[in-house]
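First the structure, in the form of structure tokens, and then the observations on it.
The values are calculated or read from the model by the stated rules, or taken from the named source; none is laboratory data. The structure presented is a predicted model; accordingly, all values stated were derived computationally and were not measured. When we count neighbours, we look across all protein chains shown, and the Cβ atoms used for this are built from the backbone with ideal geometry, even at glycine. Just so you know, the surface numbers come from the protein's heavy atoms only, side chains and all, with ligands and any DNA or RNA stripped out. Shrake-Rupley method; radii C 1.70, N 1.55, O 1.52, S 1.80 Å.
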Amino acid sequence: MAGKDNLISFRDMSAERQREIASMGGKASQAAAKRRKSLKEKAKLILSLPVNDTKNQTQMKKMGLEIEDIDNATLMLVGLFRRAVLGDVQAFKEMRDLTEGDKNNDVIQKIDEMILKIENHIE
């Protein structure tokens, strides 16, 4: 293979070159962490924005949600709920995970039972 003869093991490099490579890795890691943090902040901002689509607003109002509670995060949860209602097992699991703060919650127990029924039916 061309160029394979030029490869040098990291431990065979000079201490100075090892530090240089480690420094480059640290800088790249720091830049990646900043990008992830920025994306997370942008995602939170987008999720907190109100829903301007009147069709979705109307549907969520019919579900009993107040207009001030209708934001993109709520819209995503409603979509997840709809998928769960249609039998999407992964959506059921996501809804369970989101509401899992109270292990004795009747809703969580019912969701767990439905997941088992659906999984058994699929197999």
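Using θ = phi - 60° and the Karplus form 6.51 cos²θ - 1.76 cosθ + 1.60, what ³J(HN,Hα) does each residue of segment 85-90 get, whole Hz, x for Gly and Pro?
Those phi angles translate into 4, 7, x, 6, 4, 4 Hz.
What percentage of the solvent-accessible surface of segment 1-74, computed with a 1.4 Å probe over protein heavy atoms, is contributed by carbon and sulfur atoms?
55 percent
Could you sort the peptides 6-18, 82-94 by per-residue average Cβ neighbour count (10 Å cutoff), highest mean leading?
With the highest mean Cβ count within 10 Å placed first, the list reads 82-94, 6-18.
Using modelled amide H (1.01 Å from N, peptide plane; none on Pro or chain starts), what sits under 5 Å from the amide H of Asp71, excluding residues fewer than 5 places away?
For Asp71, whose amide H was placed from the backbone, the distant partners under 5 Å are Val51.
Karplus couplings for segment 30-39 from phi (6.51 cos²θ - 1.76 cosθ + 1.60, θ = phi - 60°), rounded to Hz, Gly and Pro as x?
5, 5, 5, 5, 5, 5, 4, 5, 4, 4
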